[in-house]
Amino acid sequence: MAAALSSSFLASPTSTKISRTLPSQFYSPLPLPSSVPLSSSRSISRKIYKVRAASLKEKDEEVIAEDSFRARTPLDNERKEVDAEQSEPGAVERWVIKFEQSVNVLLIDSVIKILDAFYRDRHYARFFVLETIARVPYFSFISVLHMYESFGWWRRADYLKVHFAESWNELHHLLIMEELGGNSLWFDRFLAQHIAIFYYFMIVFMYALSPRMAYHFSECVEKHAYSTYDKFLKLRGDELKKLPAPEIAVKYYMNEDLYLFDEFQTARTPNTRRPKIENLYDVFVNIRDDELEHCKTMKACQTHGNLRSPHSSLQEDDDSGCSVSEIDCEGFVDCVKKSLTSRG
């Protein structure tokens, strides 16, 4: 009887699962001798279960260590593909997207021509103007999002956190350029500040009309910034390695509290990027890499509701920390329309 029990146990689906995770010494396909008492077979089965449990525990710990930052399973990828197929833009929407992006490229090209005309060989002054402009869209996003919250239309704490972290990062880029003397001339300050004012109201209007268009505009700005810094590093790399890093750069990048530094890098796991600052070359390398992270975040934002703070918990339904009724809308016109429809 003991032999029958042991052989049936080893032939069960459970033994098949064990064989996939345990070495051969833990599961022998040979039947137990008939002389082995029933209590011995039970103790053997308990040992097998204990070993299996320990193996599963180690396996779970590996999964937690490797995939602690919202790892995507094959099922998640399948759902994402299904959602992408279901949300495939129609012909009219594709035309609208193309039009929006064409307008953005035209606006960015106009700014680039101005910068090329005045700052062809004045790098630090050009960077000062560029950083003054680059942080403006995040002010516009936050302003419109606060308006949506006030009307009870669309509450997204992650958007506010990430956009503030982006503006905080751009602020320190600007402070670095100021310490390097980029704002020494009155004309440079005048030009940068007045372009910034114009772009602030333009992006507020654009973001209220079409968040997708506003995020694409910001992506174009960050792409140009990345390209500008990358060319500068290739052109002046050897010279920059001999110069000391500005104090504000050391304080920002080498700070013990880098929560906001991690917050704007939504494509990265927190605590995985820790800059090393030894000279001015390292400073510009990190500024360039920051712009690349901004590009990735702005790209993700162009899909409505896709942005998520890197520090958010794994609970999908807890975005704001409180339960509130809201209207999931995209743009001012859509929010007004859905607000009137829901009340009616």
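If you go through region 167-219 and keep only what is basic (Lys, Arg) and over 28 Å from the mean Cα position of the chain (by Cα), you end up with just Arg189. Within this structure, Ser227 fails the test of being touching a residue at least 12 places away in the same chain (Cβ under 8 Å) and either open to solvent by 50 Å² or more (accessible area, probe 1.4 Å) or hydroxyl-bearing (Ser, Thr, Tyr) (or both).
Among the residues of region 231-261, the ones that are in contact (Cβ under 8 Å) with a residue 60 or more places away in the chain and closer than 16 Å to His311 by Cβ come to 2 in all. Note on region 185-223: residues that are over 15 Å from Val144 (Cα atoms) and either surrounded by fewer than 20 Cβ atoms within 10 Å (Cβ to Cβ) or among the hydrophobic types (A, V, I, L, M, F, W, C) (or both) total 17. The set of residues from region 250-264 being open to solvent by 50 Å² or more (accessible area, probe 1.4 Å) and outside any helix (DSSP H, G or I) comprises Met254, Asn255, Glu256, Asp257.
Would you mind stating whether Pro275 is open to solvent by less than 50 Å² (accessible area, probe 1.4 Å) and part of a loop (DSSP other than H, G, I, E, B)? Give the derivation first.
Numbers: open to solvent by less than 50 Å² (accessible area, probe 1.4 Å): yes; part of a loop (DSSP other than H, G, I, E, B): yes.
The answer is yes for Pro275.
Checking each residue in region 148-185 for being among the aliphatic types (A, V, I, L, M), more than 16 Å from Glu247 (Cβ to Cβ), part of a helix (DSSP H, G or I) and touching a helix residue (DSSP H, G or I) at 6+ places or on another chain (Cβ under 8 Å) picks out Leu160, Val162, Ala165. Here Glu293 meets the list (1) open to solvent by 50 Å² or more (accessible area, probe 1.4 Å); (2) among the acidic types (Asp, Glu); (3) not in a loop (DSSP other than H, G, I, E, B) almost entirely, failing just condition (1).
Does region 86-101 contain any residue that is free of Cβ contacts under 8 Å to residues at least 40 places away in the same chain, in contact with a His (Cβ under 8 Å, 6 or more places away or on another chain) and either part of a helix (DSSP H, G or I) or within 30 Å of Arg236 (Cβ to Cβ) (or both)? No, region 86-101 contains no residue that is free of Cβ contacts under 8 Å to residues at least 40 places away in the same chain, in contact with a His (Cβ under 8 Å, 6 or more places away or on another chain) and either part of a helix (DSSP H, G or I) or within 30 Å of Arg236 (Cβ to Cβ) (or both). Among the residues of region 164-186, is any in contact with a Lys or Arg (Cβ under 7 Å, 6 or more places away or on another chain) and over 22 Å from Lys296 (Cα atoms)? Yes, because at least one residue in region 164-186 is in contact with a Lys or Arg (Cβ under 7 Å, 6 or more places away or on another chain) and over 22 Å from Lys296 (Cα atoms). If you go through region 232-249 and keep only what is closer than 15 Å to Arg288 by Cα and exposed (fewer than 12 other Cβ atoms within 10 Å of the Cβ), you end up with Lys234, Leu235.
Remark: Ile108 matches the filter, which requires a residue to be assigned to a helix (DSSP H, G or I), open to solvent by less than 30 Å² (accessible area, probe 1.4 Å) and not polar (S, T, N, Q).
So in region 111-147, with the set limited to residues that are assigned to a helix (DSSP H, G or I) and among the aromatic types (Phe, Trp, Tyr), which one is modelled with the lowest pLDDT? Let's see the steps before the verdict.
We begin by selecting, within region 111-147, every residue assigned to a helix (DSSP H, G or I); these are 111-118, 123-134, 136-147.
From what's left, among the aromatic types (Phe, Trp, Tyr): 118, 124, 127-128, 138-139, 141.
Values: Phe118: 91, Tyr124: 96, Phe127: 96, Phe128: 96, Tyr138: 95, Phe139: 94, Phe141: 94.
Per the stated criteria, the residue is Phe118.
The numbered conditions (1) surrounded by 15 or more Cβ atoms within 10 Å (Cβ to Cβ); (2) part of a loop (DSSP other than H, G, I, E, B) are all true for Ala267 except (1). Applying the condition of being of a type in the set (A, V, I, L, M) and over 20 Å from Ala196 (Cα atoms) to region 111-165 and asking which residue is surrounded by the most Cβ atoms within 10 Å (Cβ to Cβ) yields Val162.
The values are calculated or read from the model by the stated rules, or taken from the named source; none is laboratory data. Values in this document were obtained by computation on a predicted structure and should not be read as measured data. Here the Cβ is made from the backbone with ideal geometry for all residues, glycine too, and neighbour counts use every protein chain on show. Side chains included, ligands, DNA and RNA excluded: accessible areas come from the protein's heavy atoms. Shrake-Rupley method; radii C 1.70, N 1.55, O 1.52, S 1.80 Å.
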